[in-house]
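Beneath this line is the structure, given in structure tokens, with notes to follow.
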Amino acid sequence: MFSLTEVACLSDGWAPFSTLKPWWDVFTDYLVLAMLAISIIAGTLLISTDQVVCLPVGRTSMAASGSPAPRPALGPLVGPEPEASPVGTRRKLPAAHSGHPTNLDYQQYLYIGQVCYHQALPWHSKYSPYLALLHALLLMVCNNFWFIYPKTSSRIELFLSILRKCFHSPWTTKALSETACQPSEGKLGRMKPCSAQISQVGAGSQAEQASSFPSATILDRKDREQAKALFEKIRTFRAHTEAASLLYWVYVGQTVFKVAKLLAVLGYTSSSAGTIAFRHMCRPGLEDLAGHATFSCTHSLAYILQKLLLSYLALVLLSGLVGVYTLYWLLRRPLREYSFGRASEESSFRSVPNVCNDLAFLLHMADQYDPLCSKRIAIFLSTISESQLLEIGQEHRRDYEELRRQVGRDALGPAGAEALCPSGSAPGCQ
């Protein structure tokens with residue numbers, strides 16, 4: 001068998017997908033770990049200490065027919081045959097010969113115990129821990145099937161990588177900071193840079209006029225290129241995921257299968273729980289070998305197996321209730337449609353389009369983990385945000401060219417400045 005620490009490590013493989021695991025999936029994973037622990041404990045007990053002890057019931061078959069009882073087949077009796085004592089006299093017998101004589105030795109008891117273990121004990125007493133372990137492993141795989149299936153796992157991994165880039169992108173930080181500088185009213189157009197607002201408050205000095213330069217200097221060229229690439233990647237991913245609803249139907253299918261499986265396990269396990277008992281009657285058909293037809297057997301692990309099985313049934317019932325709630329959540333809401341209306345109201349971007357199919361379902365699942373996920377992606381789905389990024393790039397290039405001309409004029413001196421500024425040029429060139 002394997003240890004509980006190795007079983008606990010099975011859940012670490014789903015850590016990268018925690019963003020798309022709502023609370024019911026996380027709770028089900030913990031229930032599965034508890035089921036695995038119970039099944040491992042019960043299986044270890046069966047392997048190490050499980051045994052059946054049997055004693056014959058009634059007289060031997062030959063004594064019942066009137067013939068004298070034979071000696072045991074595997075060894076002679078120790079000591080003389082017991083003699084009849086007169087009525088009213090009391091005879092003190094040795095401790096080794098006290099009790100009901102069975103004419104069986106130790107090897108015959110072992111053999112009868114093994115035969116009755118396989119014939120008299122119900123199969124649920126012998127194999128229920130191994131079935132519980134199998135069901136728990138199958139439930140763990142079923143609960144995370146859409147993370148394993150190649151056609152769905154590839155889309156999920158791409159979505160998570162895009163989401164991480166949206167959180168770490170400098171353009172996201174800039175967009176949120178610019179949104180925070182916006183007043184509560186007048187969010188109808190492109191976002192206005194904070195530096196421009198500052199320059200409008202205190203115009204007059206040269207330092208304040210210098211602060212009116214566009215805020216594009218916050219983002220360098222590398223950050224702008226990364227933001228452009230992320231815009232293009234999200235556009236391609238959106239077109240790919242909105243064309244199908246594979247993720248939605250796979251998740252619905254695995255939830256339906258999980259609930260049906262839990263109900264089936266709950267049904268047949270609860271009906272078989274009553275067959276686990278401490279005493280069993282065994283008729284192995286060994287009259288010729290043992291001289292007895294019926295044996296009374298005791299199962300040493302019956303009590304603890306019954307308690308562990310009841311605990312396992314309670315966990316299965318709780319998992320089934322969680323699965324029923326998951327089905328209710330999947331069916332009561334249109335999860336193949338997602339609207340950014342609330343996210344648009346809280347930001348300066350009003351032109352965030354609605355999405356559908358797999359992308360909408362992924363955003364719904366991410367909202368169960370953290371509602372900020374959809375707000376970060378909304379920044380890169382907005383056409384105003386993309387146009388603002390392009391405008392900042394153009395302003396940065398114009399400022400760079402202006403600064404380059406000013407540096408050139410300062411290096412050439414007044415004569416060079418007059419040569420660079422022909423007659424009729426703009427006043428700013430003087």
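Would you please classify the overall shape of the range 287-386 from the alpha carbon gyration tensor, given that a ≥ b ≥ c denote the square roots of the eigenvalues, rounded means a/c under 1.5, and beyond that prolate means a/b larger than b/c while oblate covers the rest?
In terms of gyration-tensor shape, prolate.
Please work out the FRET efficiency for the pair Ser161 and Ser351, using the Cβ-Cβ distance as r and a Förster radius of 30 Å; give the result to the nearest 0.05.
About 0.75, to the nearest 0.05.
Determine the distance separating the Cα centre of the range 157-171 from the Cα centre of the range 124-149; give it in Å without decimals.
34
If you take the beta carbon distance between Ser270 and Ala37 as r and set R0 to 25 Å, what does 1/(1 + (r/R0)^6) give as a FRET efficiency, to the nearest 0.05?
After rounding to 0.05, the efficiency reads 0.75.
How much net charge surrounds Gln114 when only other residues with a Cβ under 14 Å from its Cβ are counted (Lys, Arg +1; Asp, Glu -1)? Present the calculation step by step, with values, prior to reporting the outcome.
Values: positive: Lys126; negative: Asp50.
So the surrounding residues net to 0.
Pairs Lys21/Lys307; Lys258/Lys375; Lys21/Lys233; Lys21/Lys375; Lys261/Lys375; Lys165/Lys258: which exceed 29 Å Cα-Cα?
Lys21/Lys307; Lys258/Lys375; Lys261/Lys375; Lys165/Lys258
FYI, it's all coordinate maths here, none of it is from the lab. What you see is a predicted model; the values in this text were computed from it and never measured. Here the Cβ is made from the backbone with ideal geometry for all residues, glycine too, and neighbour counts use every protein chain on show.
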